[in-house]
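First the structure, in the form of structure tokens, and then the observations on it.
The values are calculated or read from the model by the stated rules, or taken from the named source; none is laboratory data. Just so we're clear, the structure is a prediction, and the values are computed from it rather than from any experiment. Using ideal geometry, Cβ is built from the backbone for each residue, glycine included, and neighbour counts are taken over all protein chains shown. Quick note on the areas: whole protein, heavy atoms, side chains included, nothing else; ligands and nucleic acids left out. Shrake-Rupley method; radii C 1.70, N 1.55, O 1.52, S 1.80 Å.
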Amino acid sequence: MSPRQSLQAFLATARNALTTPAAQRTAPLTFVVGNESADLDSLSSAVVYAYIRTYSPPHTLHIPLSNLPRADLALRTEMTAVLKSAGLVPADLLTLSDLPELDPNDTNWMLVDHNCLTGPLKQYAGRIFGCIDHHTDELSVSQSVSLRVVEPCGSCMSLVVEETRQAWDALSREVEGGDAADEDEKLAKIGLASILSDTINLTAKAKVREKDPRAVAFLEAKIRDPVFDRNQYFDDISAVKEDISSLNFRDIFRKDYKEWDESGLKLGISCSVQGFDYLVAKAGGAASLLDDLASWTQERGLDVASLMTTSHPDDEFQRHLLVWGLTDEGKAAVERFRKLGVELQLETWGDGALDDGANRSAWRQYNLAASRKQVAPLLREALKKS
Ligand SMILES: [Mn+2]
């Protein structure tokens, strides 16, 4: 690996490595990839980890891969804003659309922000050499990989910072055609964005762990810009993230979406940054919202669909949850979920405006600590036949 490059030049180098014909490659390609929801945490963790590792001994190029098709990147408007703060644009990132057909044996994979490869990347599961994640451990990544950090934390980025802080501080001060402090600052802004976003600027007590404020302090120290204000930065990112006014419902449902196969059934969970009140109003009524959701569930061929929301009307943080059994087996799973979901403290939302007997229910979720990280395992449990 050549001397340290600017962030932008690094991403261009990674792109070149991907397009080099297999016959001209001398070593397997090493990837760092986040989860398929491709949220700020996943996208940023991959970039930060890949950059630091690439310019640390033994100087192996790590290619950060965004786990989504190129066209979907445009929906991550908050990522566009964060990249801009680092002098980058979405076109600088590599996506699944840029990934050529590769022999798994010619690749190595590091997972960040998930611990089980999904979708088109499943074929590379045998080539995973490490994992840093803050989700429930699915015990899919071998215990014997060279780096295996799976523990609760507000943001996966905080775990990435913890793992790389020494290497980061030891990075060369020489940057080809650039200034090391400038590049550190860009990287730190990218890192900060996901931690602040995931922890609501470190105020989400149920989520925040010791490593979150530690990472924030480490990253903030790398920002020299005298007018940089962390609270303002958080507000700016949140405003972009929560503005879904220009998105249609299909885009809202797929913007932050995860899917699981469990016991032969398909579960899909969409997360929205606006509550049911907003979504019903935007759709022009409950029936219209449900029509749009039904189209999405058909497109994905789901047995069980779920829509989770976060919102803060009048500064009160709220969670809403909708669960919908679409097939006979899906309906049975929803029945089981009603018992398993007790810990979520669910109360009927909007006088049952989105409910349909036993098959579909919408609730206000009073257990505010339970995000998709907690709700998904409960739904998956419900999918398992008793
Ligand atoms: Mn995450």
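Solvent-accessible surface of region 51-182, taken per residue with a 1.4 Å probe and all protein chains present: 41 Å².
Please go through region 301-338 and write out the GluC sites (Glu not before Pro) that DSSP classes as loop and that have at most 15 other C-beta atoms within 10 Å. Sites meeting the loop and neighbour criteria: Glu316. Restricting the calculation to Cα atoms, the chain yields a radius of gyration followed by a Dmax of 21.0, 65 Å. Could you name the lysines in cross-link range of Lys222, using Cα to Cα under 16 Å and dropping any fewer than eight places away on the same chain? Leaving aside lysines fewer than 8 places away in the same chain, those within reach of Lys222 are Lys186, Lys189. Computed from point charges on the beta carbon alone (+1 for Lys and Arg, -1 for Asp and Glu), the dipole magnitude for region 7-240 about its Cα centre is near 220 Debye. May I ask which of Lys211/Lys258; Lys331/Lys385; Lys122/Lys331; Lys207/Lys384 have a Cα-Cα span longer than 19 Å here? Long pairs (Cα-Cα over 19 Å): Lys211/Lys258; Lys122/Lys331; Lys207/Lys384.
The apolar share of the surface of region 249-384, taken as the fraction of accessible area on carbon and sulfur atoms (1.4 Å probe, ligands and nucleic acids excluded), comes to 46 percent.
What is the percent carbon and sulfur in the accessible area of region 7-240, measuring with a 1.4 Å probe over the protein chains and ignoring ligands?
Values: 4960 of 9500 Å².
Of all accessible area on region 7-240, carbon and sulfur atoms account for 52 percent.
Sparsely packed loop sites in region 20-123 (the GluC sites (Glu not before Pro) outside DSSP H, G, I, E and B with at most 13 other Cβ atoms within 10 Å) comprise Glu101. Calculated on C-alpha atoms, the gyration radius of region 1-159 divided by its Kirkwood radius gives an Rg/Rh of 0.93. For region 307-382, the dipole from Cβ point charges (+1 on Lys and Arg, -1 on Asp and Glu) about the Cα centre works out to 340 debye, to the nearest 20.
Per residue of the chain, the DSSP helices (runs of n ≥ 4 H) give a summed -39500 (n - 2.57) that works out to -12000 deg cm²/dmol at 222 nm.
Sparse packing (at most 16 other Cβ atoms within 10 Å of the Cβ) combined with a DSSP loop state is found for the following GluC sites (Glu not before Pro) in region 164-226: Glu176, Glu210.
At a probe radius of 1.4 angstrom, the accessible area of region 282-386 per residue rounds to 47 square angstrom. For the chain, with the dipole built from +1 on Lys and Arg beta-carbon atoms and -1 on Asp and Glu ones, taken about the Cα centre, which of Asn105, Leu83, Ala167 lies farthest toward the positive end? Working it through, the farthest residue towards the positive pole turns out to be Asn105. Projecting the Cα atoms of Ala305, Ala376, Ser263 onto the charge dipole of region 249-384, computed from C-beta unit charges around the Cα centre, puts Ser263 farthest toward the positive end. With the alpha-carbon atoms of region 143-241 aligned to their principal axes, the span from lowest to highest coordinate is 42, 42, 20 Å, starting with the largest.
Note on exposure: Cys116, Cys131 ranked by accessible area (1.4 Å probe, complete protein assembly) read Cys116, Cys131, with the most exposed listed first.
For the pair Thr80 and Lys122, label points projected 7 Å from Cα toward Cβ lie 3.2 nm apart.
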